[in-house]
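Throughout, read-outs are computed from the coordinates displayed, never taken from laboratory work. Because the structure is predicted, anything quoted here is derived from the model rather than measured. We place every Cβ from the backbone using ideal geometry, glycine too, and count neighbours over all the protein chains shown.
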Amino acid sequence: MSDFTSNFWSVFVTAVTLVGIIACLVLLWVSGKAKAMTANDNTTGHVWDGDLREMNNPLPRWWVWLFIITVVFALIYLAMYPGLGNSPGKLNWSQQGQYEAEMVKGEKEVAPLYARFTAMSVQDMARDPQAMAIGERVFMNNCAQCHGSDARGSKGFPNLSDGDWLWGGAPEQIKESITKGRMGNMPPMAAAVGTPDDVKNVAHYVLSLSGSPHDSLRASLGKTKFGACAACHGMDGKGNPALGAPNLTDDTWLHGYGENAIVAMINNGKVNQMPAQEGKLSAAQIHVLSAYVWSRSGGNKVAAP
Amino acid sequence: MTESDPKSQKIIPIVAQAPASAVDADDAEMVSLYQAQQKIYPRSVSGLFSRWRWVFVWLTQLVFYGLPWLEWGQRQAVLFDLGARRFYIFGLVLYPQDFIYLTGLLVISALSLFLFTAVAGRLWCGYACPQTVYTEIFLWIEHRIEGDRSARMRLDAGPWSLNKLVRKGGKHGVWLAVALWTGYTFVGYFTPIKELGLEFIQWRMSSWEVFWVIFYGFATYGNAGFMREQVCKYMCPYARFQSAMFDKDTLIVTYDEARGEPRGARSRKADPAALKLCACVDCSLCVQVCPTGIDIRKGLQYECIGCGACADVCDTVMDKMGYARGLVKYSTQNAIKNKWTSAETWQHVFRPRVLVYTSILAGVCIAMLVSLALRTPFKVDVVRDRGVMARIVSGGMIENVYRLQIMNATESEQHYRITVSGLPGLSVASEEDVVVDSTQSRWVAVRVQLPYEGAASGTHPIHFEITARDSSAQLREKSVFLVPR
């Protein structure tokens, strides 16, 4: 609780505060007793610079009550709230406590809303405008930083709207990806593939898988070396969602397109992480978010009757 | 320091003009540093300026109490919905982004104050300020229940009796009713006033509504019933800076000293010349009617709120005496000094300062009206997506992502068409038509594509054009398109 290095400072601050308040009261009392002389022309009789006279313009007496009210307010405030050194005050108020109280209040308010969604399937939520509106806000606050506000991603950050999934696009798989995060690991494969020329050949074979422009001679040579990749990407290059190994036969180029990008990937590998959200978002929020992401991938079209 | 020539230092002499020992009891006295409030009992008055004040009381209060009850279509005509952050003023739907109009309104108010003050002093204070208006209403109630000045003074001085209890209780009861109704009306600008009535009947007003009704009501009750001139004298900043805006050609309520002095009581039939008296009959009515308790015959004072009550009452006295009106009147210091005629005085009132204020005020008013008239019924903010710089998508296109906030300032669902310009081949790849519900704002993600190598790498200025389908109103918003290396 205390930010003071020693208790002395707490006592010191308390003393300065209280003495200050008492001094204000003493000043009020003294000035209430004091009298000033006025001449009959309503000046105090003081003259400066030969002709500058001081007028007697007294403060209205009721104004004193404003001072007294502030003093009373200060004393009540200091008793109720932290202000006198280490004292936490009678209300035991703190910023942390207020934050927690408001979070609890906020969660209580949205609880019935989320309770309704928790009882719904992902498919049903995708058709519920309120669920989608909430999902969009959660997405914008937590996911759009990497995946873009249109969920189409960017280089290195997967496009969530194209129906092409590294780890599977079923609602449960999406929920798993959000909750636990994912760690995609492409190890450096240069040594396993062979010479730099072999690497280049494999790159052309990979290009050929998706029907992209390639050197067909190199591609046919590369095919023989593709076995090193097949453990994860499969012999047909269609990938493996269980490992997060991408499908190489489609036209999705998450980490860059072309011979150079593929060669670099084979040589250097890549670790790409989706962080786990379970600590940040509640299970109910993730449930709604999964439905939003699923609907963005075209899931709603699939589900539409 | 010690070597410096004392003669070279400026010496400010502090001299007691009348040394304490030499002052006799009549000349000076010891006074407290604080002044007890002396209750002022303004005598009721009728006349030209009083009628004008009542015109303004009716005008301002009809607007204030009446406006929240007006309907516009399906809703309250004037409603400031702070929760939803929409401000309805008849046909207008304003967003917090329209704050500039409030600024404009405040600039107009300030310039009007400058102008009126330069022309005729504290016109605002004397006729239209809520402090004056509510004090006038409360005084009227007081007058009805407790009687005029002398009756009120007798009642206050007398011992407590049933009569006093009933009259005082009745006065405060009516005052509180007016004050609470004022508070209720005030809250009615921020929460639909009819629903507020229903909430009140069903005893389920929210704590903030209750607080503001009581707070605003209490402020009205306290300021108009008790504080009165104390507000103008000690609390109001405008009172002080208006005084600083006077000059010698400003019309102020003045006493024509040359015509009035020497003053003295006399019979109506007496010849003033024989008594060596001038026009002022020293009836002290000008002091009795003054809501701030000053004597206008002492000249211009900061307490004077320019209400003209003294001018009204003096005219009635002059009429009774058969003298010319205008011993206390609106005039300027120069006019009094140079004995100008009314025409000459008015000529000097329209001086360059007044003309400059007038032209600036007219300019701001016209600018505001034009701006309101030409206002597009929607707003757009363009924000580049925070996650995506630029990406290459299939078809060899460079894609940038923007978030557009479209704010519909009409009360019907609107369709908007988004197009983009600024680079050859630039196009909107996402949906071009966007629907926004009535008075709602909506964020939409907009994808803009450019053919690969359609522009050099770097940033390029582009413009979004958003067109409302129904009104064909159009907005153009600037942004940039990034082409990666």
- If you keep only loop residues by DSSP, which GluC sites (Glu not before Pro) in the range B:407-475 have at most 10 other Cβ atoms within 10 Å of their Cβ? B:E453
- Note on the structure: A correct fewest-to-most ranking of B:I214, B:I406 by other Cβ atoms within 10 Å would be B:I214, B:I406
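Over 18 Å between Cα atoms, which of A:K200/A:K223; A:K180/A:K280; B:K39/B:K233; B:K248/B:K329; B:K248/B:K339; A:K225/A:K270 qualify? Don't jump to the answer; show the numbers that get you there.
Details: A:K200/A:K223 11 Å; A:K180/A:K280 11 Å; B:K39/B:K233 14 Å; B:K248/B:K329 15 Å; B:K248/B:K339 13 Å; A:K225/A:K270 20 Å.
Among A:K200/A:K223; A:K180/A:K280; B:K39/B:K233; B:K248/B:K329; B:K248/B:K339; A:K225/A:K270, the Cα-Cα distance tops 18 Å for A:K225/A:K270.
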- Hey, what number do you get for chain B at 222 nm if only DSSP H runs of n ≥ 4 count, each worth -39500 (n - 2.57), divided across all residues, to the nearest 500? -12000 deg cm²/dmol
- Roughly what % of Cα-Cα distances in the range A:7-80 sit above 20 Å, to the whole percent? 54
- Note on the structure: Going fewest to most other Cβ atoms within 10 Å around each Cβ, B:I294, B:I392 line up as B:I392, B:I294
- How large is ³J(HN,Hα) for each residue in the range A:186-195, as worked out from phi by the Karplus curve 6.51 cos²θ - 1.76 cosθ + 1.60 (θ = phi - 60°), to whole Hz, x for Gly and Pro? 9, x, x, 10, 3, 5, 5, 6, x, 6
- Assigning unit charges at the beta carbon (Lys, Arg +1; Asp, Glu -1) and nothing else, what dipole magnitude in debye, to the nearest 20, does the range A:7-80 show about its Cα centre? 340
- Lys/Arg Cβ at +1, Asp/Glu Cβ at -1, dipole of chain A taken about the Cα centre: which of A:L25, A:S210, A:A191 is farthest positive-ward? A:L25
- So how far, in whole Å, is the C-alpha centre of the range A:144-174 from the one of the range A:42-75? 71
- Item | Lys, Arg +1 and Asp, Glu -1 on Cβ, resulting dipole of chain B about Cα centre, debye, nearest 20 | 980
- Message: Considering only C-alpha atoms, what is the centroid distance from the range B:188-237 to the range A:180-195, in Å?
- Response: 71
- With an 8 Å cut-off on Cα pairs and a minimum separation of 6 or more residues, tell me the relative contact order of chain A in percent. 20
- Task: Might you list the cysteines of chain B that have no disulfide-compatible partner by the rule of another cysteine's Cβ under 4.7 Å?
- Result: B:C125, B:C129, B:C232, B:C236, B:C278, B:C280, B:C283, B:C290, B:C304, B:C307, B:C314, B:C365
- Task: Using the Kyte-Doolittle scale, find the helices of chain B whose mean hydropathy is at least 0.5 and whose Cα atoms extend 20 Å or more along the helix's long axis, counting only whole DSSP H runs.
- Result: B:48-66, B:99-120, B:207-222, B:352-373
- Task: Rank these for me by crowding, A:D250, B:D315, A:D41, A:D51, going from fewest to most other beta carbons within 10 Å.
- Result: A:D51, A:D41, A:D250, B:D315
- Stretch in chain A that is longest and holds no trypsin sites (Lys or Arg not before Pro) that DSSP places in a loop and that have at most 16 other beta carbons within 10 Å: A:156-237
- For the protein assembly as shown the translational diffusion coefficient, Stokes-Einstein from a Kirkwood Rh over Cα pairs at 4 °C and viscosity 1.567 mPa s, in µm²/s, is roughly 37
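For n ≥ 4 DSSP H runs only, could you compute -39500 (n - 2.57) per run for chain A, divide by its residues and tell me the 222 nm figure to the nearest 500? It would help to have the intermediate numbers written out before the result.
Details: 14 runs with 164 residues, N = 305.
That comes out to -16500 deg cm²/dmol.
Quick one: dipole size for the protein assembly as shown, taken about the Cα centre, charges +1 on Lys/Arg Cβ and -1 on Asp/Glu Cβ, in debye to the nearest 20.
1760
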- With a length cut of 18 Å (Cα positions projected on each helix's long axis) and a Kyte-Doolittle mean of at least 1.0, go through chain A and give me the DSSP H helices that pass. A:7-33, A:62-80
